[in-house]
Amino acid sequence: MAQHDDAPWTLHPDRALPAEPGVRALAREIYGHISGLPIISMHGHVDAGTIARDEGFGDAAELFVVPDHYVLRMLVSRGVRYEQLGVGADTDHREIWRRFCEQWPAFRGTPSRYWLEHELIEVFGVTREPSAATADAIYDQLSETLARPDCRIRSLFDRFGIELLSTTDPATSTLEDHAVLARDGWGDRVVPTFRPDALYHPHTAHWREHLATLGERSGTDVGDFAGFLTALRQRRGAFVAAGARASDHGHRTPDTTPLPQAEVERLYAEALRGPLDIASSEAFAAHLLFETARMSLDDGLVMQLHPGIVRDHSPALAARHGSDIGFDIPEPTSFTRGLRPLLDAFGHEPGFRIILFTVDESTYSRELAPLAGAYPSVLLGAPWWFLDAPGGLARFRELTTETAGFFNTSGFVDDTRAFASIPARHDLARRIDAGYLAKLVGEHRLSLDEAIETAVALTQTLPRAAYARAEDRAADRA
Ligand SMILES: [Zn+2]
């Protein structure tokens, strides 16, 4: 808080590297080999439409506060109200930015602080630290900067060195934005990801609407379960044709138990009449995960699974302000038992691949590293959401490497909807991996050459390979 007005605000070149001087020197050397490599961003929530339309970012509040659930939840936890942050209210943007700047100390020690610092200084040239006193001046400076043509999303895409970016799109998406991108020659740089969650969970009131849209988009009669599966396959095909590499599944639990045919048909017929109860809906979703693995084997889409989140923890708040506002809270997750049916059936199939993500750190050493370190189809996804922080990224390597190694992991995945934070997030992961590898070199457990080679793999080779097209994966195996 007590910052001198004349002291320029800068990034330390050794930020997030180990503090011990010997290890730090090794980490610098390793980081130097990867810091400039292109970004491969295979899972995230940037809206394809913003790239198709080459949009700008408006003002500071629109860019840094309103759409960022990490920022919103922290501000709300400090007593700021959603209305003051422009969520469900028409709040003056300068006022929103002032609230954020006043609360800047709340972010100390959090990854938001780390990312925002990187974005403000490195990407947008801000030289004063946010505070009540600097809020207006920073707001004005950012308004000017963000209006420049070189701050539109496609220019930043180039400047950030993004090689490939995956968006996340509902299964019922028309994929129009991706068609525009393909026409503009961006089809190899931005690809969709197939996300059918809304169709897999028939306890929601909106399920039947989503189903009707699915029927329309696929030109398929979804009046029975067989038709539903046909429609899903049709949409997956459309996504594959649009360049998709993966499907994405957010379930409350990782249960993959298949149901008897008659039972799933009965549940589907019941769901057509009205919402299922939670237990039936989860049994249906578990069956669909099993079916998804089968489809994946046919069309090659890599399966991504991330269970263990209680969505909209405060239903009253969700009713007032909607979802994705920072009130999705993790709960304990059991992968070992939940995935057993799916892995027993498909886990050794050469064409099948599943990438597992968690927000329950206790599963890393007990369940996920042992699964990824045994089943050839399983890769361990990067730590994300609550865990994509300096400490979370470091603990991930410590908890998983001794069992799964480095090469059974997917490489870094940023999972962000905040486009301007992508370089900050990838840079942080590279620094933490460099630090972990430096420690192994310092203890003479790896040679420096091996550490550098591994760092390059984690940054580039592994994410490319993890989400490679099925035919490329097959060629690799041959
Ligand atoms: Zn995601």
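Reported value for the chain: 148 Å³ per residue, from the convex hull of its C-alpha atoms. Of all DSSP-defined beta bridges confined to the chain, some 10% are antiparallel rather than parallel.
Most tightly packed first, judged by the mean number of other beta-carbon atoms within 10 Å of their residues, the peptides 393-402, 165-174, 300-309 read 300-309, 165-174, 393-402.
Once all protein chains are placed together, GLU176 keeps about 120 Å² accessible to a 1.4 angstrom probe.
Computed from Cα atoms, the angle from the helix 278-299 axis to the main principal axis of the chain rounds to 90 degrees.
Computed with every protein chain present, the accessible area of ARG15 is close to 40 Å² [probe 1.4 Å].
Estimated from helices alone, the mean residue ellipticity of the chain at 222 nm is -14000 deg cm²/dmol (sum of -39500 (n - 2.57) over DSSP H runs with n ≥ 4, per residue). The stretch between SER323 and ARG233 holds 29.6 nm of extra length on full extension. This uses 0.36 nm per residue minus the Cα-Cα distance.
Qualifying trypsin sites (Lys or Arg not before Pro) in the stretch 85-117, where qualification requires a DSSP coil assignment and no more than 12 other C-beta atoms within 10 Å, comprise ARG108.
Per residue, the accessible area of the chain comes to 41 Å² when a 1.4 Å probe rolls over the protein heavy atoms. With contacts taken as Cα pairs under 8 Å and at least 6 residues apart, the chain reaches a relative contact order of 20 percent. Evaluating 6.51 cos²θ - 1.76 cosθ + 1.60 at θ = phi - 60° for every residue in the stretch 72-85, the Karplus couplings come out as 4, 4, 5, 5, 5, 5, 9, x, 6, 8, 3, 4, 5, 9 Hz, glycine and proline recorded as x. The long axis of helix 261-273 is offset from the longest Cα principal axis of the chain by roughly 70 degrees.
For the chain, the share of accessible area belonging to carbon and sulfur comes to 51 percent (1.4 Å probe, ligands and nucleic acids excluded).
Of the whole protein surface, ASP54 contributes about 40 Å² of accessible area at a 1.4 Å probe radius. When ARG473, ARG183, ARG217 are compared by accessible area at a 1.4 angstrom probe, the order from most to least is ARG183, ARG217, ARG473. The length gained on full extension between ASP14 and ARG148, counted as 0.36 nm times the residue separation minus their Cα-Cα distance, comes to 45.2 nm.
The values are calculated or read from the model by the stated rules, or taken from the named source; none is laboratory data. The structure displayed is predicted, hence computed values, not measured ones. Positions of Cβ are generated from backbone atoms using ideal geometry, with glycine treated the same way; all protein chains shown enter the neighbour counts. Note: accessible area is taken over every heavy atom of the protein model, side chains too, but ligands, DNA and RNA are not part of it. Shrake-Rupley method; radii C 1.70, N 1.55, O 1.52, S 1.80 Å.
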